[in-house]
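Visitor: First the structure, then my questions, so here it is.
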Amino acid sequence: MESIKIFCPATIANISCGFDVLGVALESVGDEMVIRKVPQKGIFITKLVGQDLPMDTENNVAGVAGLALLAESDYEGGFEIEINKKIKAGSGIGSSAASSSGAVWGMNQLLGEPFPAIKLVQFAMEGERLASGVAHADNVAPALFGGFTLVRSYEPLDIVPINSPSELYASVIHPQIEVKTSDSRKILKTNITLKDGIRQWGNVGGLIAGLFTEDYDLIGRSLVDHIVEPIRSILIPGFDEVKAKSLEAGALGCGISGSGPSIFAFSKGALTAEKVTLEMSKVYQDFAIDYDVHTSKINTQGIKTLTQ
Ligand code: HSE
């Protein structure tokens, strides 16, 4: 195989209570990439449409992730990468993770899959380091594995795939305001109280149990964040209103997607999710802030081949 065209899903990281450890892949929104073997050693971003992002390898998340893979490979050649960005950069739904995971997943396919998924997560994390200053795995893991994932440990890296309940849908709204991941990490406190810790890990455990047992009420009760959301939500105008309206419309829970500014809600069933998405939209219409919305099933496959 000399070239591959792939779909790289958007992802919601943190999922309220699981800062830097929980994430989930979406089905209805994602980037497309074409990756091609070339004889010259190196990674070459030859086309990048949809977003205004750097194309030089060292400043492109797909480029640095690809270089991390090449550094551990005995392959003598290189790769050309074309990226069709459909996920807006800085939206909070894993734009950088889609590109960095897509690059290493596609390269691994073209090389005959020499690297296991956990190594691909490590390579893709180098893209996250470039994008946000921190090599977090909570977007790249679900992009690569599909469904929900838990980063049980960073040292050593240990990714646990979590069940995706069949009737679970996500609503996502992206208000067109800029919140940089690096900035929204800087404002977080570096210490938490034991009281907040107890409440938070109770919810993480509850969410994981709810996802495995497909207990939608338990999922909803567990979508609570006592640590990050109270600080970051200040950066997102309309957050409290979107959350209140989503819950009123029947959402199980609602929170900040990744580092924001996107806001996500989970619902049981497509109809409720569509209603929630509509109510979210009305809030930003009232605020006269432009927005994008997505209503999506959970993507249980992760990155997939479109054509070879
Ligand atoms: N866990 C990361 C953060 C995700 O919240 O900063 C960034 O998309």
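Visitor: Restricting the search to region 24-45, which residues are touching a helix residue (DSSP H, G or I) at 6+ places or on another chain (Cβ under 7 Å) and among the acidic types (Asp, Glu)?
Guide: Scanning region 24-45 gives a single hit, 31.
Visitor: Residues of region 131-176 being crowded, with 20+ Cβ neighbours inside 10 Å and under 26 Å from residue 58 (Cα atoms), which ones?
Guide: 131, 132, 136, 137, 138, 139, 140, 141, 142, 143, 144, 145
Visitor: Are any residues in region 182-197 away from the ligand (no atom under 16 Å from the Cβ) and exposed (fewer than 11 other Cβ atoms within 10 Å of the Cβ), and if so, which ones?
Guide: Residues satisfying the conditions are 191, 194, 195.
The rows are residues; the columns are (1) under 30 Å from residue 134 (Cβ atoms); (2) more than 16 Å from the ligand (Cβ to nearest atom); (3) within 16 Å of the chain's Cα centre (by Cα); (4) not assigned by TED's automatic domain parsing to the domain that holds residue 208.
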{"site": "225", "(1), (2), (3), (4)": "yes, no, no, no"}
{"site": "266", "(1), (2), (3), (4)": "yes, yes, yes, no"}
{"site": "269", "(1), (2), (3), (4)": "no, yes, no, no"}
{"site": "274", "(1), (2), (3), (4)": "no, yes, no, no"}
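Visitor: For region 191-200, which positions are without any contact (Cβ under 8 Å) to a residue 24 or more places away in the chain and either of a type in the set (Asp, Glu) or assigned to a helix (DSSP H, G or I) (or both)?
Guide: Matches in region 191-200: 194, 195, 197, 198.
Visitor: Being within 16 Å of the ligand (Cβ to nearest atom) and either open to solvent by 50 Å² or more (accessible area, probe 1.4 Å) or among the aliphatic types (A, V, I, L, M) (or both) narrows it down to one of 65, 71, so name that one.
Guide: Being within 16 Å of the ligand (Cβ to nearest atom) and either open to solvent by 50 Å² or more (accessible area, probe 1.4 Å) or among the aliphatic types (A, V, I, L, M) (or both) holds for just one of 65, 71, which is 65.
Visitor: Can you list the helices (runs of 4 or more DSSP H) lying wholly within region 34-137 that have 1 or more residues being under 15 Å from residue 5 (Cα atoms) and not assigned by TED's automatic domain parsing to the domain that holds residue 290? Show your work before the answer.
Guide: Working: elements: 61-71, 95-110, 117-132.
Filter on region 34-137 gives 61-71, 95-110.
Visitor: Okay, next question. Specify the residue that is nearest to the chain's Cα centre (by Cα); the eligible residues are those in region 123-139 that are aliphatic (A, V, I, L, M) and more than 8 Å from the ligand (Cβ to nearest atom).
Guide: 137
Visitor: So residue 182 fits all but one of (1) at pLDDT 95 or above; (2) assigned to a helix (DSSP H, G or I); (3) of a type in the set (S, T, N, Q); what number is the exception?
Guide: Here residue 182 meets the rest and fails (1).
The values are calculated or read from the model by the stated rules, or taken from the named source; none is laboratory data. Please read these numbers as outputs of a predicted model, since none were measured by experiment. Heads up, the Cβs are rebuilt from the backbone with ideal geometry, glycines too, and the neighbour counts pull from every protein chain shown. When the accessible area is computed, the model is the full protein with side chains, heavy atoms only, and any ligands, DNA or RNA have been set aside. Shrake-Rupley method; radii C 1.70, N 1.55, O 1.52, S 1.80 Å.
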